[in-house]
Amino acid sequence: MTIKNALIVDDSKSARIMLQRLLQKMNVVALTVESAEEALSYLENERPDVIFMDHMMPGMDGLEATQTIKNNPKTQNIPTIMYTSKEGDGYISLAKSHGAFGVLPKPANQQAVMAVIDLLDNTAANDVVIQTENSNHNGLSAHDIETIEKLINNRLSNSVLSARSEIAAGLDSVSHQLLQTQQEQLTLVERSLKQQIKPIHSQLIDLQDNDALFKRLQPLIKKHTLLIAEKISRNKVDTLAKEHSQKIQNLNNQQQELIALINRKSQQAMAKGIIGGALLGAAIALISLFASQ
């Protein structure tokens, strides 16, 4: 039997879409539902070739749904693969005890899905061969021996495929853990950046408020106002000092001119006095001379 259609049961939309795309690459048509209850309702009228069942879902979980499917004669032959992040031999045994065919770990890759589909195809073919063998009890013919050899080879191939699936699942698990660690680191970096940006964002919001902006700028405005006033006052004082100095200089110049003028007048007066005295003396002398004669 070739796997042509599948049913995906998962409450995670991203997980459903990812597995659906992987199956589409293998030409397997996949229908998706988001709960076990929807899956059981679907199976009342439809028979997919395989069911991929998530474990943890609201309401009925995957193991309960798988056991219900296995206990129903109409659906018991449909292989159910647990599609879950749970892993380990203990969980595989638990899943099989509830009727699961096997486990496909999340997140799955193309190789792991191919291994599961190939294993299902080969197992279906082997089941037909086993029934043929059981119906013939008259001895083994050459054809029977050849059939048994094919059965053994198929079983060996199944073992190899199963091992490949487990290895791929292990690699996927490691990749998932690495991605999860990187995501956690990115989350921490994002949180740190948000904490650093938050004060800046608050300041930008404050700057959009005129009152808040005025309050923030008021001390700076006051400081600059005082500096400007002080500068203006200094300029006025300097101007007044220059004017006062100029006036004093003018007064000094006027004083010097007056002193020079007084000195000239005094010299002139003295010169006049000397000349006058000399003339007076000469006149007196002449008078005395005339008087004596």
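Taking Ala36 as meeting all but one of (1) surrounded by 15 or more Cβ atoms within 10 Å (Cβ to Cβ); (2) closer than 23 Å to Ala112 by Cα; (3) touching a helix residue (DSSP H, G or I) at 6+ places or on another chain (Cβ under 9 Å), write down the number of the exception. Status for Ala36: all satisfied but (2).
Tell me whether segment 83-93 contains one or more residues that are over 24 Å from Leu178 (Cβ atoms), in the same structural domain as Leu178 (by TED's automatic domain parsing) and either surrounded by 19 or more Cβ atoms within 10 Å (Cβ to Cβ) or in contact with a Gly (Cβ under 7 Å, 6 or more places away or on another chain) (or both). Among the residues of segment 83-93, not one is over 24 Å from Leu178 (Cβ atoms), in the same structural domain as Leu178 (by TED's automatic domain parsing) and either surrounded by 19 or more Cβ atoms within 10 Å (Cβ to Cβ) or in contact with a Gly (Cβ under 7 Å, 6 or more places away or on another chain) (or both), which makes the answer no.
The residues of segment 6-26 that are aliphatic (A, V, I, L, M) and over 23 Å from Arg47 (Cβ atoms), listed by number, are Ala15, Ile17, Met18.
Counting the residues of segment 96-110 that are more than 37 Å from the chain's Cα centre (by Cα) and closer than 20 Å to Pro48 by Cα gives 6.
In segment 41-93, which residues are modelled with pLDDT under 90 and assigned to a loop (DSSP other than H, G, I, E, B)? Residues satisfying the conditions are Ser85, Lys86, Glu87, Gly88. Only a single criterion out of (1) surrounded by 14 or more Cβ atoms within 10 Å (Cβ to Cβ); (2) out of contact with any Leu (no Cβ under 8 Å at 6 or more places or on another chain); (3) not charged (D, E, K, R) is not satisfied by Gly59, namely (1). Applying a threshold of 8 Å to beta carbon distances and a minimum spacing of six or more residues, or different chains, the list of pairs starting in segment 248-270 at a residue that is free of Cβ contacts under 8 Å to residues at least 12 places away in the same chain and ending at one that is outside any helix (DSSP H, G or I) and aliphatic (A, V, I, L, M) is empty.
The values are calculated or read from the model by the stated rules, or taken from the named source; none is laboratory data. All values derive from a computational prediction rather than experimental measurement. Please note: Cβ atoms are built from the backbone with ideal geometry, for glycine as well, and neighbour counts cover all protein chains shown.
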